[in-house]
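> Structure in structure tokens, see below.
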Amino acid sequence: MVMIGKLFWKKSMILRLGITMITVCALSLHADVSKWTHFYVDNPLPGSEWGTVGPAVGDFDGDGDMDVMFAKRTTETAFWYEYHDDATWIPHIMGSAKTINGALGITVLDVDHDGLLDVVTNRVWFKNPGDLAKNPDKRWPTFEYEGGGHDIVAADINGDGWDDIVSNNGALWFDTSYGLAKTEIFNDLDHHGGVAPRGVGDLDGDGDVDLVVPGWWFENPGKGIGEWKRHEWPHVKIPNASYGDSIRSWIVDLNHDGHNDIVYSDCDTGWGHVYWVENLGKGKEWRRHALADPPTAPGDMEGTGSFHSLGVADFDGDGDLDIFAGEQEDPDQYMTGQGKLAMKPKGMKERGVIWENVGTATAPAFQPIVFHIDNPGWHEAVLADVDGDGDMDILSKVWNADTPIYHGDYWRNDNIVKSKTR
């Protein structure tokens with residue numbers, strides 16, 4: 001049953017947004033990860049046409065809960081939404097920049113080391129003004145830098161205790177301790193995406209941060225300076241992929257054996273799949289495990305879409321790691337005229353899926369549980385404990401809507417019953 005409630009903008013700038021209560025019959029005997037409640041952060045988002053930037057998630061105003069930022073390319077303006085309660089997010093203008101018109105990748109980190117979370121996107125970063133609790137509508141100063149691209153992530157590349165910026169799909173990193181000094185990692189690969197949302201981590205066990213792109217992982221030479229040696233890992237290419245090689249990646253020790261593994265999903269193309277690739281030691285040997293595709297509901301179009309949202313967490317509180325992936329809401333079919341795959345089989349309904357670990361923490365086995373079918377779909381998702389109850393929720397957005405309505409979404413995890421910690 002779906003119930004959508006809407007209130008209009010008020011002088012107080014409080015926006016009551018639509019709430020969708022979803023009751024799902026999981027397509028499996030395992031229902032521990034099937035309980036999610038959907039809320040709109042904003043519907044519709046400001047602006048029109050395709051191209052939604054975000055989400056960027058963090059406690060921007062220092063009040064102890066999670067806030068979120070979105071932008072539409074057509075507005076060239078970033079908005080941050082202050083969390084009030086699950087159904088109420090208060091919008092504020094963060095700032096404007098021409099480069100938002102070409103933005104996609106985004107991340108959150110303390111760029112200037114002042115203890116506040118800033119937002120980094122295409123060729124611009126927004127500086128947190130620091131007094132948002134008292135002045136939430138204060139504009140965030142903007143500063144140019146040279147990075148951008150499909151994937152931008154934060155990671156401590158040089159091991160100095162401060163996150164740096166990895167951008168341009170993993171090709172560049174910018175040192176936040178030295179005025180965003182630029183270092184090139186590679187310049188000869190042509191992939192659409194790969195290092196986001198968390199394709200950074202120690203793969204060879206030497207204590208520093210390496211990174212992943214489709215088919216290759218790059219070994220940090222130490223402090224990020226010098227030659228980043230490339231090593232193969234068993235990525236599976238999709239022939240005639242809509243936008244070429246493109247994945248979402250997540251480096252994590254999935255089987256708790258002391259070696260970080262790679263979880264990845266195919267994205268920016270139809271007929272995507274999800275895998276975990278087991279690190280058998282120091283990134284030299286690998287074993288690839290294909291996860292079962294999610295089941296199709298009776299009467300729905302078979303096939304899979306673009307798994308452009310990916311995350312790994314213990315979603316059901318049983319002590320092992322599960323995998324989330326969401327199919328992209330995107331009706332584009334024009335690529336078929338160019339001999340490529342569409343973004344999804346025509347008429348297919350997007351699915352939100354948790355691959356529940358039905359094995360053990362050290363010997364994982366995954367079963368797909370579909371917790372939502374059809375719109376709203378996903379383009380990019382961030383995991384965060386939004387409601388403060390100790391489990392991982394999902395904040396997401398759409399890129400190219402199946403309908404003219406562009407939206408930002410919050411999926412509350414209702415699988416673990418706990419008292420709120422704040």
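Since every read-out is calculated from the coordinates, none of them should be taken as a lab result. Quick caveat, the model's predicted, so the values are computed rather than measured. Cβ sites come from the backbone with ideal geometry, for glycine too, and all protein chains shown count toward neighbours.
> Points 7 angstrom from Cα along the Cβ direction at residue 284 and residue 385: gap in nanometres?
It is 3.9 nm.
> Loop only by DSSP, 12 or fewer other Cβ within 10 Å of the Cβ. Give me the GluC sites (Glu not before Pro) in segment 269-319 that pass, ordered by residue number.
In loop regions of segment 269-319 (DSSP not H, G, I, E or B), the sparsely surrounded GluC sites (Glu not before Pro) are 285, 302.
> Let me ask another. Hey, with R₀ at 41 Å, roughly what FRET efficiency would residue 190 and residue 137 work out to, going by the Cβ-Cβ distance, to 0.05?
0.45
> Taking loop as defined by DSSP and a crowding limit of 14 other beta carbons within 10 Å, which trypsin sites (Lys or Arg not before Pro) in segment 237-289 fit?
Those that pass, being in a loop and sparsely packed, are 237, 282, 284.
> Further, regarding this structure: Mind ordering 209-216, 315-322, 251-258 by average Cβ neighbours within 10 Å, highest first?
So the order, starting with the most tightly packed, is 209-216, 315-322, 251-258.
> Structure shown: which of 35/344; 182/397; 223/284; 72/134 lie over 28 Å apart, alpha-carbon to alpha-carbon?
182/397
> Here's another thing I want to ask about it. Express in nm, to one decimal, how much length is gained between residue 403 and residue 99 on full extension, taking 0.36 nm for each residue of separation and deducting their alpha carbon distance.
Extra length available between residue 403 and residue 99 comes to 106.9 nm.
> Another question, then. I need the P(r) histogram for segment 135-251: all alpha carbon pairs, bin width 5 Å from 0 out to the longest distance, whole percents.
2, 11, 22, 23, 18, 11, 6, 4, 2, 1, 0
> Taking every DSSP beta bridge that has both residues in segment 130-268, what percent is antiparallel when rounded to the nearest 5?
Expressed as a percentage, antiparallel bridges in segment 130-268 total about 85.
> While we're on this one: Using the per-residue mean of other Cβ atoms lying within 10 Å as a proxy for protection, in what order, highest first, do the peptides 174-181, 259-266 fall?
259-266, 174-181
> Give me the three principal axis extents of segment 198-355 from the C-alpha atoms, as integers in angstrom, largest value leading.
Extents along the principal axes: 50, 41, 22 Å.
> Along the three principal axes, how long is segment 131-172 when you take its alpha carbons, biggest first, rounded to the nearest angstrom?
Per principal axis, max minus min of the Cα coordinates gives 38, 25, 15 Å.
> Beyond 13 Å, what percent of the Cα pairs of segment 202-255 remain?
Looking at segment 202-255, the distances longer than 13 Å represent 65 percent of pairs.
> At each listed q (0.20, 0.23 Å⁻¹), what is the log10 of I(q)/I(0) that the Debye formula gives for segment 312-415 modelled as equal alpha-carbon point scatterers?
-1.02, -1.19
> Next question, about the same structure. Using +1 at the Cβ of each Lys and Arg and -1 at the Cβ of each Asp and Glu in the chain, identify which of 58, 331, 178 lies farthest towards the dipole's positive end.
The Cα lying farthest towards the positive end belongs to 331.
> For labels at residue 336 and residue 414 in the simple 7 Å Cα→Cβ model, what's the distance in nm?
Output for this residue pair reads 3.7 nm.
> Another question, then. So if R0 is 30 Å, what FRET efficiency would residue 231 and residue 365 give, r being the distance between their Cβ atoms, rounded to the nearest 0.05?
0.65
> Once the mean 1/r over all distinct Cα pairs of segment 67-187 is inverted, what Kirkwood radius in angstroms do you read off?
Over segment 67-187, the inverse of the mean reciprocal pair distance is 14.8 Å.
> In Å and whole numbers, how far do the C-alpha atoms of the chain stretch along each principal axis, longest first?
Per principal axis, max minus min of the Cα coordinates gives 59, 55, 50 Å.
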